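Below is one structure, written out as structure tokens; comments come after it.
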Amino acid sequence: MDNNERAALLIRVAQQIRDSVDKQAILSWAEELISKTYAPAQNTKQQEITYPIDVFARYKNILYHGKLLNDGKIERNGDSFSPSKAAINITHNSVNGWRFWRYMNKNGQERAIDTLRTFRLNRK
């Protein structure tokens with residue numbers, strides 16, 4: 001079974017679950033499998049990244065906005081939190097904020113901010 005088939009199976013399973021943290025986790029896994037299949041390899045060390053970065057997240061059909069700061073925190077409404085804490089403030093559930101928050105890359109593709117974390121950690 002290749003990644004596409006695994007992702008399709010995960011999506012079918014998620015469709016059988018009512019809205020919950022489990023459903024979101026399953027859909028995140030499917031998205032990760034799909035991104036590993038289709039996304040071209042990117043050398044993040046060569047990317048020019050300028051902070052702050054506009055980020056967003058969708059939760060229960062509501063779009064939330066924030067800014068990813070160069071220290072790895074998300075700023076919303078004048079306060080800054082770790083990505084996971086900022087996500088938990090929205091969902092009231094345990095969430096991997098690095099996968100919850102999204103940004104638009106230079107090619108106009110939506111990506112999880114997790115793709116920026118390697119670059120940020122390698123610069124320290």
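Pairing residues of segment 105-124 that are farther than 19 Å from Trp29 by Cβ and part of a loop (DSSP other than H, G, I, E, B) with residues that are among the basic types (Lys, Arg) and modelled with pLDDT of 85 or more, at Cβ distances under 7 Å and at least 6 apart in sequence or on separate chains, gives Asn105/Arg111.
Being surrounded by 10 or more Cβ atoms within 10 Å (Cβ to Cβ), modelled with pLDDT of 85 or more and touching a Gly at 6+ places or on another chain (Cβ under 8 Å) is a condition met by no residue of segment 64-72.
The values are calculated or read from the model by the stated rules, or taken from the named source; none is laboratory data. All figures in this text were calculated on a predicted structure; none of them were measured in a lab. When we count neighbours, we look across all protein chains shown, and the Cβ atoms used for this are built from the backbone with ideal geometry, even at glycine.
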